[in-house]
Amino acid sequence: MFFGTELVADYGTFNADAASVAAALQARGIGPGDRVAIFMKNVPDYLIVEYAAWYAGAAVVPINAKLHAREAAWIIEDSGATVVFATPGGADDLAAIQLEIPIIDVSGDDFADMKKAQPLAVVTPRAPGDMAWLFYTSGTTGKPKGVIITHDMLIGMALCYFPDVDQVRAEDSTIYAAPMSHGAGLYNLMHVLVGASHVFPPSGGFDEAEIFELARHYGSAHLFAAPTMVKRLTQMAKASGQSGTGLRTITYGGGPMYVADIIEAVDHFGPVFVQIYGQGECPMAVTALSRSDVADRAHPNWRERLISVGRAQSLVEVMIGDAHGQAMAPGETGEIMVRGDLVMPGYWNNPDASAKTIVDGWLLTGDMGFLDADGYLTLQDRSKDMIISGGTNIYPREVEEALMFHDGVAEVSVVGRPEPEWGEDVVAFVVRAEGSNVDEAALDAHCLDQIARFKRPKAYFWVSELPKNNYGKVLKTELRERLTEMSDG
Ligand code: AMP
């Protein structure tokens, strides 16, 4: 494990520290059946705490360090965790709201003492179906739900990664620039399995220049990045003349990647990109779009495939279902359904939500999409984001894709606005590209060139940024609320 370029622990030390902290946890009565919350920024001790909890037989509850202490406390309470590990600021914030369980600050003496405990001699055995990770969904609407991720789901996800997403070797490294409570953190497993390096950027977050520097230093680096991070990396690289030396693989996913952005990214960095589509309920493992699918422009279906999220990963089946859960033909749009070993057993303490989400063994993802004849899945939108105008379905993603091809548009989000005659009409919130003064007339003409007339936005709102949650997902609910407030006002 490295903090920047400094080695902080080799695998021997990593293992010994985890075994000591595990023994200290067991001495405090924490073991199988318990939950250990982690409210930490990305630091090397993150992995020590995580593996310590597993060695002790407990499950982890990773919480996004960017959440407010009260939001974190809600998750801690919902999970029933009996201890929380935190990095300094988070520990103070939790203490200030008088959390009722022990808070262990990983920069403090208590944690240093735990690392000195007599190490646990053997890892506490767990059954494959026992919970390993309680994953709180990022909550773009309402309260997050806890997804039960079992040990065998984690093992399956990690082993599937090698054939489906990317090979990893001991000489490779992974850079943790996205929150470890989510995808980037789940991907630690594949890198532990092969003994690769784990690199924690000293900035503690996503800093383009730092990533380029670390990648150059390590020479064969992997990065998990949300599409917005990929876009920022491309822009910064182009502006500063960087070529991304040392970036071997960038796995992207977690939100829509617009075609205009991925083309620009591949043009600049070369064939380093692999896309994954997943959700907490089937972590990182629904589909993958391979490196060659992304980069192979000579393929006759390259463009269609680039818009897609690829094909089902090895341990799941993907089906498109109609309103009654019946399979639909290739090309027809319906709800994306997933079945297989990597699908969650259910939500934590929430049988109603579990019963609505897993029906006859199929996970109802809430995402809409279609399969092509070769099994490539194209994601449209969350079903609740679909716009119905005059009885016709309009997928915001398609309108966003078109608008993103205009040079004057940096970011865009399209939502439906209630309208008495048509039910809903299409409106766009646009962040202009730097220095651009693109206007409604120009974008309207651009849309007429690209998509059917009825799909083009009836109104544009110019904003300096789009509202996003802590994982960078656009909060369409908030945009719709703004529209309601405008019409009320
Ligand atoms: P979460 O459970 O918080 O990881 O959120 C999962 C949701 O993010 C999915 O249901 C999709 O709506 C969205 N998502 C994940 N991966 C992709 C992707 N590659 N392209 C578009 N949307 C994605």
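The values are calculated or read from the model by the stated rules, or taken from the named source; none is laboratory data. Values in this document were obtained by computation on a predicted structure and should not be read as measured data. In this analysis, Cβ positions are derived from the backbone assuming ideal geometry, glycine residues included, and neighbour counts consider all displayed protein chains. Each accessible area value is taken on the protein alone, full model and side chains, heavy atoms only, with ligands, DNA and RNA left out. Shrake-Rupley method; radii C 1.70, N 1.55, O 1.52, S 1.80 Å.
Might you let me know whether the range 135-152 holds any residue that is open to solvent by 30 Å² or more (accessible area, probe 1.4 Å) and away from the ligand (no atom under 16 Å from the Cβ)?
Yes; the residues of the range 135-152 include at least one that is open to solvent by 30 Å² or more (accessible area, probe 1.4 Å) and away from the ligand (no atom under 16 Å from the Cβ).
Pull out all pairs, ordered by first then second residue, where Cβ-Cβ is under 8 Å, the residues are six or more apart or on different chains, the first lies in the range 123-139 and is in contact (Cβ under 8 Å) with a residue 12 or more places away in the chain, and the second is within 13 Å of the ligand (Cβ to nearest atom) and among the aromatic types (F, W, Y).
The qualifying pairs are S138/Y471.
Please go through (1) surrounded by fewer than 20 Cβ atoms within 10 Å (Cβ to Cβ); (2) without any contact (Cβ under 8 Å) to a residue 40 or more places away in the chain; (3) within 30 Å of A260 (Cβ to Cβ); (4) within 16 Å of the chain's Cα centre (by Cα) for L189 and return the number of the only condition it doesn't satisfy.
(3) is the only condition that L189 fails.
Do any residues in the range 230-246 that are more than 21 Å from D172 (Cα to Cα) have Cβ atoms under 8 Å from those of residues that are surrounded by fewer than 13 Cβ atoms within 10 Å (Cβ to Cβ) and modelled with pLDDT of 95 or more, where the two are at least six apart or on different chains, and which pairs are they?
M236/A209; S240/A209
If you check Q275 against the conditions, is it out of contact with any Phe, Trp or Tyr (no Cβ under 6 Å at 6 or more places or on another chain), near the ligand (Cβ under 10 Å from one of its atoms) and of a type outside the set (G, A, S)?
Details: out of contact with any Phe, Trp or Tyr (no Cβ under 6 Å at 6 or more places or on another chain): no; near the ligand (Cβ under 10 Å from one of its atoms): yes; of a type outside the set (G, A, S): yes.
No.
State whether one or more residues within the range 388-406 are among the acidic types (D, E), free of Cβ contacts under 8 Å to residues at least 40 places away in the same chain and within 15 Å of the ligand (Cβ to nearest atom). If you could, list the steps in order and put the result at the bottom.
Step one: filter the range 388-406 for residues among the acidic types (D, E), giving 398, 400-401.
Among the residues that remain, those that are also free of Cβ contacts under 8 Å to residues at least 40 places away in the same chain are: none.
Among the residues of the range 388-406, not one is among the acidic types (D, E), free of Cβ contacts under 8 Å to residues at least 40 places away in the same chain and within 15 Å of the ligand (Cβ to nearest atom), which makes the answer no.
So which residues in the range 410-432 are among the aliphatic types (A, V, I, L, M) and more than 15 Å from P227 (Cβ to Cβ)?
Result: V414, V415, V426, V427, A428, V430.
Taking the condition of being hydrophobic (A, V, I, L, M, F, W, C), over 23 Å from P44 (Cβ atoms) and assigned to a loop (DSSP other than H, G, I, E, B), how many residues in the range 152-180 meet it?
1
Hey, does the range 366-375 have a residue that's hydrophobic (A, V, I, L, M, F, W, C), within 13 Å of the ligand (Cβ to nearest atom), touching a strand residue (DSSP E or B) at 6+ places or on another chain (Cβ under 6 Å) and open to solvent by 20 Å² or more (accessible area, probe 1.4 Å)? Break it down stepwise before answering.
Within the range 366-375, the first condition is being hydrophobic (A, V, I, L, M, F, W, C), and the residues that meet it are 368, 370-371, 373.
Narrowing further to those that are within 13 Å of the ligand (Cβ to nearest atom): 368.
Of the ones still in play, those that are also touching a strand residue (DSSP E or B) at 6+ places or on another chain (Cβ under 6 Å) are 368.
Narrowing further to those that are open to solvent by 20 Å² or more (accessible area, probe 1.4 Å): 368.
Yes, the range 366-375 contains a residue that is hydrophobic (A, V, I, L, M, F, W, C), within 13 Å of the ligand (Cβ to nearest atom), touching a strand residue (DSSP E or B) at 6+ places or on another chain (Cβ under 6 Å) and open to solvent by 20 Å² or more (accessible area, probe 1.4 Å).
Does the range 192-215 hold any residues that are within 20 Å of the chain's Cα centre (by Cα) and under 19 Å from Y252 (Cβ atoms), and which are they?
V199, P201, G205, F206, D207, E208, I211, listed by residue number.
Name the residues in the range 278-293 that are over 9 Å from G310 (Cα atoms), polar (S, T, N, Q) and within 9 Å of the ligand (Cβ to nearest atom), would you?
Once the filter is applied, which keeps residues that are over 9 Å from G310 (Cα atoms), polar (S, T, N, Q) and within 9 Å of the ligand (Cβ to nearest atom), the range 278-293 yields only Q279.
Check I175, I149 and return the single one that is among the aliphatic types (A, V, I, L, M) and under 30 Å from E208 (Cβ atoms).
I175
Output the residue which, of all residues in the range 224-252 that are on the phi > 0 side of the Ramachandran plot and either open to solvent by less than 30 Å² (accessible area, probe 1.4 Å) or within 13 Å of the chain's Cα centre (by Cα) (or both), is nearest to the ligand (Cβ to nearest atom).
G244
Name the one entry in V194, V199 that is open to solvent by 10 Å² or more (accessible area, probe 1.4 Å), more than 15 Å from the ligand (Cβ to nearest atom) and of a type in the set (V, I, T).
Only one candidate passes the filter, namely V194.
Check off (1) free of Cβ contacts under 8 Å to residues at least 40 places away in the same chain; (2) over 29 Å from M1 (Cβ atoms) for A312 and give me the number that stays unchecked.
So the condition that A312 fails would be (1).
Just to be sure I understand, how many residues within the range 343-357 are free of Cβ contacts under 8 Å to residues at least 40 places away in the same chain and open to solvent by less than 40 Å² (accessible area, probe 1.4 Å)?
Looking only at that region, the number is 1.
Within the range 412-432, identify whether any single residue is at pLDDT 95 or above, under 21 Å from A265 (Cα atoms), open to solvent by 80 Å² or more (accessible area, probe 1.4 Å) and out of contact with any His (no Cβ under 9 Å at 6 or more places or on another chain), and answer yes or no.
yes
Any residue at all in the range 319-327 that is within 24 Å of K231 (Cβ to Cβ) and either more than 16 Å from the ligand (Cβ to nearest atom) or touching a Lys or Arg at 6+ places or on another chain (Cβ under 7 Å) (or both)?
Taking every residue of the range 319-327 in turn, none turns out to be within 24 Å of K231 (Cβ to Cβ) and either more than 16 Å from the ligand (Cβ to nearest atom) or touching a Lys or Arg at 6+ places or on another chain (Cβ under 7 Å) (or both).
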